[in-house]
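Written below as structure tokens is the structure these notes are about.
The values are calculated or read from the model by the stated rules, or taken from the named source; none is laboratory data. For clarity, every value in this text was computed on a predicted model and none was experimentally measured. For neighbour counting, all protein chains shown are included, and Cβ atoms are generated from backbone atoms with ideal geometry for every residue, glycine included. Ligands, DNA and RNA are excluded from the accessible area calculation, which covers all protein heavy atoms including side chains. Shrake-Rupley method; radii C 1.70, N 1.55, O 1.52, S 1.80 Å.
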Amino acid sequence: MAVNGWLGSMEDFLKQCEQSGDSAYSAFRSLLERLEDPNTRTEARIFLSDLQKRFHSKEASDQCLQTFHFLIQDIYIEQYEGYQKRKKLTMMVIPSIFIPEDWSFTFYEGLNRCPDSIFKDRTIAELGCGNGWISIAIAEKWLPLKVYGLDINPRAIKISWINLYLNALDENGQPVYDGEGKTLLDRVEFHESDLLGYCRDHHIELERIVGCIPQILNPNPDAMSKMITENASEEFLYSLSNYCALQGFVEDQFGLGLIARAVQEGISVIKPLGIMIFNMGGRPGQGVCKRLFERRGLQVTKLWQTKILQAGDTDISALVEIEKNSPHRFEFFMGLSGDQPICARTAWAYGKAGGRISHALSVYSCQLRQPNQVKTIFDFLKNGYREISNSLDLSFDDDSVADEKISFLAYLASVLKKNSFFPYEPPAGSRRFRNLISGFMKTYYHVPINADNIVVFPSRDVAIENALRLFSPRLAIVDEHLSRHLPKQWLTSLTIENVETDKLSEDVLTVIEAPRQSDLMIELIKKLKPQVVVTGMAHFEAITSSAFQHLLDTTREIGSRIFLDISDQFELSSLPSSNGVLKYLAGTPLPPHAAIICGLLKNQVYSDLEVAFVLSEDETIFKALSKTVELLEGNTASISQSYYGCLFHDLLAFQLADRHLPAERESEKAKAGEMIGFCSSTISVLDHAELSVTAADDSYLVHMDVDQSFLPVPSPVKAAIFESFSRQNVAESETDVTTSIRQFIKSNYGFPTTNDTEFIYADFALPLFNKLVLCCIQEGGTLCFPAGSNGNYVSAARFLKANIVTIPTQSEAGFKLTEKILIDVFDNVKKPWIYICGPTINPSGLIYTNEEIENLLSICAKFGARVIIDTSFSGLEFDSKDLISWDLEHSLAKVNSASQPTFCVSVLGELSLKMLTGGLTFGFLVLNQPLLVDTIHSFSGLSKPHSTLKYTVKKLLDLREQKAGELMEAIAEQKKLLGSRSKRLKETLENSGWEVVEARAGVSMVANPSTYLGKKFALKEDPTAFEAKIEDSNIREAMLKATGLCINSASWTGIPGYCRFTIALEDSEFERALDCITKFKTVINN
């Protein structure tokens, strides 16, 4: 038949097709243009009918493909008739696209096992649609709302459109309508797309994703063998798909990489309750195939499985090589009837001998376990975090573990994506976290408390020790289950006989261990009359409130303070068990002499991740505990608070707000006897220590008074943080930071270490420093601080009652230690300990050279001083010419020959600033003196960094040692930024009348407000709020009240007249800070 005017005769058409495959494709592309035009569509469809009739037999069809480079065939679906009761689809193929075969037929059989409701009225995408037959068959059988057939091959898309017209129109070119009055043209579209790119770019949300994606089995045995040799963990050798960042590599090697990418892209475009269906060749093993989905947070159902013959031209020798080097076995079968799997080696031999081998082909349906959370995780990972995607593992045997971990990872992903830095949190704990705790108490136990009744601590043990140090009782009774981490000196003291006299020094603290049972505890309290009691409750006594009430009454009568631990009874559950203590608090306020301690450790996922809180309804106790945790611990790790905050949030998220009326509580009737207060030295320190400024609404505050960086956290740091929590089966070596820390202090400071060197870690450097202070006290030493040291450290040492001497420094020397002054001080000090901040000095931002530190160490060696070198603020030099390379190994070798036996050097450090981790901190202490090691371990109450933090730190230190580009570029950029800010701050201060000491490194500088001193100052808005003559002692308060800017005064820096300003603020906050400085000048002048 001739179709005059546009294609010529059938013979002309076939002649063009016969020339080549490209010519055939060109001819059909022209035909498609006629099908797309409504005016020529009917004639074009009739032409296709005639073309099919020309090659009606199978032999003729086969010959057509060979000669004319196309084939039109019928695909029978008679067992699964569509709504039109049509038993076949008419399909055309060309050689340059995949021809329907066993893979796609098996896949369609799997789809047919789904109920009709799975696809009816749904929006569907088919990946790798080929000639489009499955997309058309889905539309024909289930009447979906829309099917998007997608393929990266542009020729496949053109042929798919031709096939759509072939089936949407009958042989006479007339539309074929379904039961809803629509044609296939209304339901199906085909688009060129790399996997789901088209849907992603056009913001199409899908309800179903199906894909018969080819698997090209082409592993690299050499790479696999190397990987196996280097990473032979048991889990890895078991499945070859369960090993950290190599999972993605393994999937690629087994031809699963394309499906893996399709799944990850699918997560971003599928609706929360959507379903993905894929086929999987079973050669890598069913466990490997199934795991591909499960580790990405999908629940998997196998719809269908059959066997297909292995293509004869597929070389499986590479699989044989892999089997030689691991216990993994691939799965093949002998023929189609064999039911016992054989390994690749056996299959290879059988095939060489002429046998036919087959492998399983399965169809899997999968659905997101926690859709919104998993989507959030992958939305974060798609922006440059491929390595984490490879290591991500969201497969869990326990649903409760899955729910808990996936929820937190989603929260962490959203925080890391949304925030460029970690915000400031008050030492008492994140306000969000404390609000969540109080919300949980109100909602589940009807205890009407708020965030200002709660102080957060790193752990229960730390909370107990901090509370005891705050009150410094002469005698404390502590539950034997809660005393194991208290200092040995407290537990071995025998100064109990004279507890009723006032002759004992308040420095003596004796702890008596007691049984937990309340009647025995009460008997001891009555007999010994301790000032402080710390106890838990036996499980059988905790169900009701009577035992707690009895303890309260007894301690009230005697005048003891009681800290009651409810950790064992506190449940993070939507159906928590009865808790007698909290039941009591729902109806009665907590009396002033009592506080509740609760350690949170019972999570499902991270067994050693701990945080604790103390609940007190006495404002004085709350404030004192807040200051204590700041002085002794620095802060509580933000990640720990975030994790448990997530758990509290999930338990509150579905609850209706304010559904219950506030509980009416009885007033406390009985008055307590005379109770122990804070010891006099503690009161003095807490009153005079210049700690961070906190306010209920701190949004107006600008913090230039905290040692934290609020600069952008670079991508490698975010990646390391997220990966540390997302990983499973982390090897011990991956969290062993000692080798990395050893190399770090060697590379940066030349500090020598041996196999006997002790490395001790904590969340912050401050608690490690405090352990050294306790060692100094134990030895009867004197702790020497240069004027111009970290004010928090000085206050902490005073709080611990150390004997302190301040070493004067001079402005001419940049407020650095000099040899002469040091000799003068040591001449009058017994058993000297000295704190040196360097190479970069906090707060001045100046630098000790290698020669200067060598001279100072020489003097320390002669006097037998114990030296603490604090490197926490080093490594951020503004200019490369200021880059100081210490060689402590050489310096110590020179001075050791003339040193006293007591001389030693300990290195203290914190990695948050130099690793750009923002609010994520890691403290380390390196000791070379055996006696000091033994002493410091006797003070065991130290909150150790969680394994996730150690994983993060090790990864970043290794990247730094390798000089990895992105991290090193970020460090260089932030040094440049800090240098620029230092100059701007100096200019602003000088223009406002301050005398500035120019900083060369670090995150702070000092300046003297010489032009303001002696001037009278009053706030005009409210003259009673503040009115005074400006002095060293009140300029901080004056500036805070006038502008909201928080700085440190001379009482913090230790340098008369000089205040400290930190510069590592978020951009807008730094600009606000400069404005505040200028504003203060205006306020003073007016």
Legend entry - Surface accessible to a 1.4 Å probe, K526 within the full protein complex, Å²: 100 Å²
Legend entry - Among M441, L309, S574 - extreme Cα towards positive end, dipole of the chain, charges at beta-carbon: M441
Legend entry - Percent carbon-and-sulfur accessible area, the stretch 277-359, ignoring ligands, DNA and RNA, probe 1.4 Å: 48 percent
Legend entry - Förster radius 22 Å - calculated FRET efficiency between S811 and N1086, Cβ distance, rounded to 0.05: 0.10
Legend entry - Beta bridges per DSSP with both ends in the stretch 803-938, % antiparallel, nearest 5: 35 percent
Legend entry - Degrees, to the nearest 10: 102-112 long Cα axis against longest axis of the chain: 70 degrees
Legend entry - Rounded to the nearest 20 debye, dipole of the chain from Cβ charges on Lys, Arg, Asp, Glu: 160 debye
Legend entry - Residues of the stretch 303-326 with amide N under 16 Å of the 7 Å Cα→Cβ point at Q340: none
Inset, instruction - Rounded, prolate or oblate: pick one for the stretch 676-785, where a ≥ b ≥ c are the square roots of the eigenvalues of its C-alpha gyration tensor, a/c under 1.5 means rounded, and failing that, prolate if a/b is larger than b/c, else oblate. - result: oblate
Inset, instruction - Would you check the accessible area of E987, probe 1.4 Å, heavy atoms only, in square angstrom rounded to 10? - result: 110 Å²
Legend entry - Stretchable slack from N172 to K1029, in nm (0.36 nm times residue separation minus alpha-carbon distance): 298.4 nm
Inset, instruction - Using 0.36 nm per residue of separation minus the Cα-Cα distance, give me the extension gain between T492 and L1019 in nm, one decimal. - result: 184.2 nm
Legend entry - Bridge type composition, the chain - antiparallel percent by DSSP, nearest 5: 50 percent
Legend entry - Exceeding the 32 Å Cα-Cα cut-off - candidates K324/K382; K302/K955; K158/K182; K15/K88: K324/K382; K302/K955
Legend entry - Largest-first principal axis extents of the Cα set of the stretch 378-475 (Å): 57, 30, 24
Legend entry - Sum of side-chain charges, A410 neighbourhood, beta-carbon under 13 Å (Lys, Arg +1; Asp, Glu -1): +1
Inset, instruction - Among L412, S400, F330, pick out the residue whose Cα is farthest towards the positive end of the charge dipole of the stretch 320-421, where Lys and Arg carry +1 and Asp and Glu carry -1 on C-beta, about the Cα centre. - result: F330
Legend entry - Accessible-area value, T301, 1.4 Å probe, nucleic acids and ligands omitted, Å²: 80 Å²
Inset, instruction - Have a look at the DSSP beta bridges in the stretch 57-176 and tell me what percent are antiparallel, nearest 5. - result: 60 percent
Legend entry - Whether the stretch 564-627 is rounded, prolate or oblate, judged on the alpha carbon gyration tensor where a/c under 1.5 counts as rounded: oblate
Inset, instruction - Leaving out ligands and nucleic acids, note down the accessible area per residue over the chain with a 1.4 angstrom probe, in whole Å². - result: 40 Å²
Legend entry - Exposure ranking of S9, S982 by accessible area [1.4 Å probe, largest first]: S9, S982
Legend entry - D608 versus S400: modelled label distance in nm, points set 7 Å from Cα along the beta carbon direction: 2.3 nm
Legend entry - Burial ranking of peptide ranges 865-871, 1039-1045, 167-173 (average Cβ count within 10 Å, highest at the top): 865-871, 1039-1045, 167-173
Inset, instruction - Estimate the FRET efficiency between K271 and K944 by the formula 1/(1 + (r/R0)^6), using the beta-carbon distance for r and 60 Å for R0, to the nearest 0.05. - result: 0.85
Legend entry - Tensor-based shape of the chain (alpha-carbon gyration tensor, a/c under 1.5 rounded, otherwise prolate or oblate): prolate
Inset, instruction - For the stretch 412-562, with all protein chains present and a 1.4 Å probe, just round the carbon and sulfur fraction of the accessible area to a whole percent. - result: 52 percent
Legend entry - Efficiency of FRET from Cβ geometry, T183 and S1068, R₀ 60 Å, rounded to 0.05: 0.55
Inset, instruction - Treat every Asp and Glu Cβ in the stretch 113-216 as -1 and every Lys and Arg Cβ as +1, leave all other atoms uncharged, and give the resulting dipole magnitude about the Cα centre to the nearest 20 debye. - result: 200 debye
Legend entry - Phi to ³J(HN,Hα) by Karplus 6.51 cos²θ - 1.76 cosθ + 1.60 over the stretch 50-63, Hz, x for Gly, Pro: 5, 5, 5, 5, 5, 10, 7, 8, 5, 5, 5, 5, 4, 5
Legend entry - Theoretical gain in end-to-end length, R329 to L601 [0.36 nm per residue, Cα-Cα removed]: 93.9 nm
Legend entry - Net charge over other residues, Cβ less than 13 angstrom from the Cβ of N792 (K, R count +1; D, E count -1): -4
Inset, instruction - Taking 7 Å along the Cα-to-C-beta vector as the label spot, tell me the R984-S30 distance in nanometres, rounded to one decimal. - result: 6.7 nm
Inset, instruction - Please pull out the direction-averaged projected area of the stretch 259-406, using the convex hull of its alpha-carbon atoms, in nm² to one decimal place. - result: 10.2 nm²
Inset, instruction - Work out the length of the dipole vector of the stretch 1014-1086 about its Cα centre, built from +1 on the beta-carbon of each Lys and Arg and -1 on the beta-carbon of each Asp and Glu, and round it to the nearest 20 debye. - result: 340 debye
Inset, instruction - Considering the convex hull of the alpha carbon atoms of the stretch 48-178, report its projected area averaged over all viewing directions, in nm², one decimal. - result: 7.9 nm²
Inset, instruction - With the full set of protein chains in place, find how many percent of the accessible area of the stretch 948-998 is carbon and sulfur; take the probe as 1.4 Å. - result: 45 percent
Inset, instruction - Provide E140, E1066, E43, E205 ordered by accessible surface of protein heavy atoms (probe 1.4 Å), highest first. - result: E205, E43, E1066, E140
Inset, instruction - Give, as a single signed number, the net charge of other residues whose beta carbon lies under 11 Å from the beta carbon of T739, with Lys and Arg counted +1 and Asp and Glu -1. - result: 0
Inset, instruction - Identify, among P371, L48, L1065, the residue whose Cα sits farthest towards the positive end of the charge dipole of the chain, taking +1 on the Cβ of Lys and Arg and -1 on the Cβ of Asp and Glu, with the dipole about the Cα centre. - result: L1065
Inset, instruction - Note down the nm distance, to one decimal, between modelled labels 7 Å out along Cα→Cβ at H890 and at K87. - result: 9.3 nm
Legend entry - Set of lysines near K1016 by C-alpha distance (under 17 Å), chain-local residues within fewer than 8 positions excluded: K1029, K1041, K1079, K1081
Legend entry - Using θ = phi - 60° and Karplus 6.51 cos²θ - 1.76 cosθ + 1.60, couplings along the stretch 639-656 (whole Hz; Gly, Pro as x): 5, 4, 5, 5, 4, 6, x, 4, 5, 4, 4, 4, 6, 9, 4, 8, 7, 6
Inset, instruction - For the stretch 823-869, build the convex hull from the C-alpha positions and give me its volume per residue in Å³. - result: 75 Å³
Legend entry - Solvent-accessible ranking of V415, V263, largest area first, probe 1.4 Å: V415, V263
